[in-house]
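To start, the structure under review is shown below, and the notes come after it.
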Amino acid sequence: MFDSKIRIAAMGGVAALGLTLSGASMAAFTEADATELKTEAIATLQKFQTETKGEEAIFADAKGVLVCPKIRKIGAGVGVEGGKCVLTSGTDDPLYYRSRGIKAGAILGVQSHSMILVMKTDEAMANFTSGKREWEFGVDASVSVAKLAAGGDIDTTNLKGAIISFIFGEKGLMADLSWEGSNFKKLDVETSDEEKN
C-alpha cells in the first residue's frame, strides 16, 4: 500500500513536470530569455573545458557546439526531461532550441544535468540546423557518448562518429546517461515591442 502511494505520487510528479515542460515550450521565448540562456551556456562550456582533460582534440575542429546548461528530469523508473539549449558556434548568430524526451531507467525524484553536443562534420551540422521540425537522436542521427578513461582523460577510442555528446553534472561526466530518445526543436526569439516599432 505504501509503495503504491509512493508510485502514484511519483507518477503525479512526472505528469506535473510534463505539463510544466509543455507550458514552457508554448510560452514566448524572449530576447531576455535568449541572453540569459547564452550567458549560462557560455559559462557551462567554459567550466567544462577547464575541468575536463583531453577535450581539446574533440572541440578543435568542431563545426558547431550545442550547449544545454540545465536539463531537468523527473520520474519513477520512467520519467520525462527537458530544458533549453543554444548553438554557441557554427552559425553567424546563436540558434536556440528546446529539448525534451521520455527516459527509462533508474530515475527517482528530480534530477538535473548539463549536456554538450559537438558536431564534427558539415553534414551533421546542416542536418541539425535545417528545417522547423523536431530533430531526434536515434532517428535523425546516432551519437557517440563521451566517457572518461582510466587516467581521467576523455576516452577517444570510440568517438569516431559525426556527433559527440558530453553529459555531466557537478562530479563530471555521467557515463550512464544518453541522448537517445531526446528531440530538439528550434526556438524563435520574440522581439520586444520597442524593436517592432
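Quickly work out the Glu136-to-Ala28 label distance, labels modelled 7 Å from Cα along the C-beta direction, and quote it in nm with one decimal.
3.1
Taking the simple approach of a point 7 Å from Cα along Cα-to-Cβ for both Ala57 and Ala126, what is their distance in nm?
Placing both labels 7 Å beyond Cα along the Cβ direction yields 2.8 nm.
What does the charge count around Glu55 come to, taking other residues whose C-beta lies under 15 Å from its C-beta (Lys +1, Arg +1, Asp -1, Glu -1)?
In short, -1.
Say R0 is 22 Å: what FRET efficiency, to the nearest 0.05, do Lys47 and Asp153 get from their beta-carbon distance?
Efficiency, from the Cβ-Cβ distance: 0.80.
How far is it, in nm, from the label point at Arg72 to the one at Thr91 when both lie 7 Å from their Cα along the line to the Cβ?
2.5
Could you tell me which of the pairs Lys84/Lys147; Lys38/Lys70; Lys84/Lys160 are separated by over 21 angstrom between their Cα atoms in the structure shown?
Check vs 21 Å cut-off fails for Lys84/Lys147; Lys84/Lys160.
Using Cβ contacts closer than 10 Å as the measure, can you line up Thr50, Thr44, Thr39, Thr121 from fewest to most?
Starting with the residue having the fewest Cβ neighbours, the order is Thr50, Thr39, Thr121, Thr44.
Where a number appears in this text, it was derived from the coordinates with a stated rule and is not lab data. A quick note: this is a predicted structure, and the numbers were derived from the prediction, not measured. Reconstructed Cβ throughout: ideal geometry from the backbone, glycine too, with neighbour counts over all protein chains shown.
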